[in-house]
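As structure tokens, the structure follows; a few thoughts come after it.
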Amino acid sequence: MPPAAAVVGRSIMKAFRHLATQDLHTRRVEEAYRVVVECVTAVDPAMRLYMFGSTAVYGVHEKGSDVDFVALSETDVEDGKGEDAATQVAKGLQAEFLGKLAKVVRQKHFSWNVEEVRRTRVPVIRVKGGGGVDFDITANRRNGVRNSALLRAYFEQDPPCRWLSMGVKRWSKRVGLNASVVGGSITSYGFNLMVVYYLLQRGALQFIPPTAIDVAKVAPVPPYLPLEPPQNDGVELGDQVLDFLQFYMHEFDAAHHVVSLSRPGITTKEQLNWTKDAEDRARMNGEKINYQWCIEDPYELNLNVGRNVTPLKRDFLRKHMDKARETALLTST
Ligand code: CTP
Ligand code: MG
């Protein structure tokens, strides 16, 4: 017997009690924004800087969480619904800009650790040691800004749902499912897509077509969206967490269906051609693409955000979800 919703909710609230005394305002990362703008401007004064990732998605900044930035050209912004180029040429140009940027960051802030990562799907520079805030910087890619704005637009429909997302994210990191920890396979972004998809399936949110999101209408620094403590001592939150686990363990048909925000209702693997046959052939950067636990990226063509979920990792996911009911997302132990 899993614990009652009230117990689960209270336990999760307790795990986040440190937030009650924290300043969660997004202005706390404005200083980091200014520092990066200064460096970007030194490379190319016409480039604009956008913040995305969790700060944009939730409208709050949790202490210690990294910040994602992207430098966009004026044309990128004006064509705010445009598709990002996925060619090697585009990737090369992004890496070239980021190389120059890395140089400037090192010059201006010689004690910081600046790493250029080129092997990934998206070229990125990782900066550590910037006054307690670590950040990633990418170039000329709108999709991160768009998918963050899409997730945020969903959470704005029902701001308390951010607690479900934050609880799931915290749990995913602690049990080792999150791609940010060794052996993990699904990013926080992937878990957010799962959370919103679940809420859509339950009719708790209204569908938003991804094409509606326009970078030209997104604020470069995300506005603050105050996070109120869960209502009713966490009863609804506990209910939602248990129902989320129930949904992915027993209702979501992982063998045939895809977690997707691209269209309302059900999306099948068949529809996307994410079949056994495609799985046997598909590779990305030499790595196998799995279609065991499918999460469709709303903007990237033919990209499974769950591509690193092997059959073994899918079993881990199920086992951890089963356990999570008893442990209130690993907050009660
Ligand atoms: N992102 C993406 N595609 C991915 C992974 C990430 O576009 N496959 C983008 C998304 O815009 C996401 C941002 O990168 O919002 C940051 O990703 P991630 O770090 O996974 O999510 P956060 O919400 O920032 O969570 P965390 O607090 O763990 O950093
Ligand atoms: Mg992040």
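Counting other C-beta atoms within 10 Å, and keeping those with at most 15, which DSSP coil GluC sites (Glu not before Pro) do you find in segment 55-106? Intermediate results must be reported in sequence, preceding the final value.
On the way: sites: 62, 74, 78, 83, 96; in loops: 62, 83.
For GluC sites (Glu not before Pro) across segment 55-106 that sit outside H, G, I, E and B with at most 15 neighbouring Cβ atoms in 10 Å, the list reads 83.
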Segment 141-203: which trypsin sites (Lys or Arg not before Pro) are DSSP loop and have at most 16 other beta-carbon atoms within 10 angstrom? 202
By the C-alpha gyration tensor axes a ≥ b ≥ c (rounded if a/c is under 1.5, else prolate when a/b exceeds b/c, else oblate), the shape of segment 76-177 is oblate
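Ignoring everything except DSSP H segments at least 4 long, calculate the 222 nm mean residue ellipticity for the chain; use -39,500 (n - 2.57) per segment, divide by total residues, nearest 500.
-12500 deg cm²/dmol
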Kindly identify segment 176-241 as rounded, prolate or oblate by the Cα gyration tensor criterion: order the square roots of the eigenvalues as a ≥ b ≥ c, call it rounded if a/c is under 1.5, otherwise compare a/b with b/c, prolate if a/b is larger, else oblate. rounded
Order of 243, 277, 68 - criterion: other Cβ atoms within 10 Å of each residue's Cβ, fewest first: 277, 243, 68
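Would you mind ranking 180, 188 so that the residue whose beta carbon has the fewest other beta carbons within 10 Å leads the list? Walk me through the numbers before you get to the answer.
Details: 180 12, 188 21.
Fewest-to-most Cβ neighbours within 10 Å comes out as 180, 188.
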Vicinal HN-Hα couplings computed from phi for segment 183-192 (Karplus, 6.51 cos²θ - 1.76 cosθ + 1.60; Hz; Gly/Pro x): x, x, 9, 10, 6, 4, 4, x, 5, 5
Across 176, 238, 265, the residue with the highest GNM fluctuation in the chain (Cα network, 10 Å cutoff) is 265
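Among 110, 316, 69, 244, which comes first, then next, by fewest other beta-carbon atoms within 10 Å?
Working: 110 8, 316 17, 69 26, 244 22.
Fewest-to-most ranking of 110, 316, 69, 244: 110, 316, 244, 69.
In the structure shown, do any of 81/276; 276/319; 63/217; 91/288 have a Cα-Cα gap over 30 Å, and if so which? Could you put the intermediate results ahead of the total?
Values: 81/276 32 Å; 276/319 24 Å; 63/217 27 Å; 91/288 21 Å.
In this structure, 81/276 lie more than 30 Å apart at Cα.
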Using only Cα atoms, find the angle between the long axis of helix 311-327 and the longest principal axis of the chain, and express it within 0 to 90 degrees, rounded to the nearest 10. 60
By the scheme Lys and Arg +1, Asp and Glu -1, what is the net charge of all other residues having a beta-carbon under 10 Å from that of residue 331? +4
Helix 161-174 against the longest principal axis of the chain: what's the angle in degrees, Cα atoms only, rounded to the nearest 10? 80
Between 0 and 90 degrees, rounded to the nearest ten: what's the tilt of helix 235-246 against the longest Cα principal axis of the chain? 90
Taking the convex hull of Cα positions in the chain, its mean projected area over all directions (nm²): 16.5
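None of the figures in this text is laboratory data; all of them are computed from the coordinates on show. Not measured: the values here are computed from a predicted model. Note: ideal-geometry Cβ built from the backbone for every residue, glycine included; neighbour counts use all protein chains shown.
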